[in-house]
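A short worksheet on the structure shown next.
Values in this text are rule-based calculations from the coordinates and carry no lab data. Small disclaimer: the values here were computed from a predicted structure and weren't measured. Backbone-built Cβ (ideal geometry, glycine too); neighbour counts: all protein chains shown.
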Amino acid sequence: MRFEARLVLSPAWPFGVQDGDATVVPSGDSGVTVTGAIIDTRMGTVAGHGTTSSFRADSESINLEGEVDGLHLSISDNFVTISGDAKDLVTAFAVIQSATSRVLQHLSVSHGTRFTAELLGLMDQHGDKIRTPTVINMLNARVYNLQQMKDHLEEAIRYSPLSDARLVAALQYYDAGLQVPSLAPRELGPRPAVLPTPLAVVEFLSYWKSVTTIMGDPSRRRDRAQSRYKALGFDEDAKLVFDELKEIRDASDVAHYSLDSEAIDSVRASLGKARAFARRLISGYREYLTAQTACSAGHQADATDPPSVDR
């Protein structure tokens, strides 16, 4: 089948066209000065416009033609038309997604700005619009427990004054891991059920760094990690989980780069365990610090070393 797809790229401002409420102006040889709106501080109101947008002239619009993987690309401003042949709709959608993703990744590197694409429409050789893949959520349920939520809020308030350097860093790494799934690309379709390899690795490493910030890196100072385990009162089961995650980290070479699909699958399968263990460790460390503070009249527990994931 012959197909033609229409996409729109974001952001739009690099093409010299309107982009929401942003002020869009061309670059200049001697730089650009952009001023904001005039504010009357006495009345607290806008009193005048600052720099207004200066969009590209009709004669300046970007118009390019190109070929990627046998597909023809026609670019006009931030609109892209892709045409080609495929045996069926599923294949057409896959090749469009693959080619677009790689072009945008290279464009993001070249321009220094992350670009995304939205599929506007798809039609066949007869000019008939093709219905694109759609996901219908049959169920999106959340179960709440008010007493549990109340307890967790009280915990958060109680532990917030703790200023231990390791705890602060561990919390930041854990929070970074929780944010990773929201970064999954969704340019031409719904958010994937499985995280792309780079994001799965980033999420796993975020939780691992959260753990090793507190425990130390056993590959460098295993004795220190073991002593902290005992001090925090973790049982043998927790140590086994720690060793399992370390083995995955080392065997999968996730700290560097691996083309081994089985290794990456192992990382993906361990994300839930890594997240749960990091949460468990942070919770235990908070309790440890609180107990130490109570016993030492405000003296912080073993926080003389700066946080590091390489100890």
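General remarks:
- Each residue in Val25, Val34 was given a count of other beta-carbon atoms within 10 angstrom of its own, and listing them fewest first yields Val34, Val25.
- By the count of other C-beta atoms within 10 Å, a proxy for reagent exposure, Tyr285, Tyr207 are ordered fewest to most as Tyr285, Tyr207.
- In straight-distance terms, cross-link reach from Lys129 covers every one of the lysines whose alpha-carbon lies under 18 Å from its own, apart from those fewer than eight places away in the same chain; here that gives Lys87.
- Between Ile136 and Asp237, the contour length at 0.36 nm per residue exceeds the alpha carbon distance by 32.3 nm.
- Proximal lysines relative to Lys246, as straight alpha-carbon distance under 17 Å, when same-chain residues fewer than 8 apart are discounted: Lys209, Lys273
- Note on Thr41, Thr213, Thr23, Thr113: ascending count of other Cβ atoms within 10 Å places them as Thr41, Thr113, Thr23, Thr213, the fewest first.
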